[in-house]
Amino acid sequence: MKMIDVGDKERTERVAVARGFVAMAPATVGIVRRGESEKGDVLAAARLAGILAAKKTPELVPLCHPIALTGVDVLAVPRPRGVEVTATVRTTDRTGVEMEALSAVSAACLTVYDMLKRYERGMRIEALELIEKKGGRSGHWRRPAPARAPAAPARSRRTRAG
């Protein structure tokens, strides 16, 4: 194993966006929406945990470079079946911020789980993924939109002769 040498790379503006989802029962989402969690504001705690995790990524992921982050935005939004977390991380540096964005979402989702586990142990953290990255040698990448399932073919009516 080795840490990649980025010393020859040019400092450029880099942005990464990641997303994750904590699936839960609608009743648990209601607790979030109404602000009734015994531990406090679930969404605010998730946002704060995400920001902190982005800043601490090199301590969590062994081969990540410590970089100067210029911005971290974490959104935690209740949806009908859970809480969606999105993190956008920015830097002007020699390496990207994908791991910082993914770390932010991971920590935010774990915080949502921690604050709500008293009400529902069966929550699932799912769909942790990089959505977009900009900057650096590889340029701009965006996750393709999921392909829509083809419409089911119309059933033909068969008649029986006879």
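The values are calculated or read from the model by the stated rules, or taken from the named source; none is laboratory data. Given the structure is predicted, the values throughout are model-derived calculations rather than measurements. Every residue, glycine as well, gets a Cβ built from its backbone with ideal geometry; the counts of neighbours run over all protein chains shown. To get the accessible areas, we keep the full protein, side chains included, count just its heavy atoms, and leave off ligands, DNA and RNA. Shrake-Rupley method; radii C 1.70, N 1.55, O 1.52, S 1.80 Å.
Just a few scattered comments:
- Residue in the range 1-22 that is open to solvent by 70 Å² or more (accessible area, probe 1.4 Å), within 24 Å of Gly122 (Cβ to Cβ), modelled with pLDDT of 95 or more and out of contact with any Lys or Arg (no Cβ under 6 Å at 6 or more places or on another chain) present: yes
- Looking only at the range 41-93, residues that are under 14 Å from the mean Cα position of the chain (by Cα) and among the polar types (S, T, N, Q) come to 2 in all.
- Only residues that are open to solvent by 30 Å² or more (accessible area, probe 1.4 Å), β-branched (Val, Ile, Thr), within 21 Å of Ile4 (Cβ to Cβ) and touching a residue at least 60 places away in the same chain (Cβ under 8 Å) were counted in the range 45-94, giving 1.
- Filtering the range 1-23 for residues that are of a type in the set (D, E, K, R), farther than 23 Å from Gly139 by Cα and without any contact (Cβ under 8 Å) to a residue 12 or more places away in the chain leaves an empty set.
- The number of residues in the range 1-42 that are in contact with an Asp or Glu (Cβ under 7 Å, 6 or more places away or on another chain), among the aliphatic types (A, V, I, L, M) and under 30 Å from Leu69 (Cα atoms) comes to 4.
- The lone exception for Arg34 - which of (1) open to solvent by 30 Å² or more (accessible area, probe 1.4 Å); (2) of a type in the set (Lys, Arg); (3) in contact (Cβ under 8 Å) with a residue 12 or more places away in the chain it fails: (3)
- If you go through the range 112-128 and pick out every residue that is open to solvent by 30 Å² or more (accessible area, probe 1.4 Å) and not basic (Lys, Arg), you end up with 9.
- Pairs, first within 17 Å of Thr92 (Cβ to Cβ) in the range 129-140, second at pLDDT below 90 and not acidic (Asp, Glu), C-beta under 7 Å, six or more apart: Lys133/Gly96; Gly135/Thr12; Gly135/Gly96; Gly136/Thr12; Gly136/Gly96
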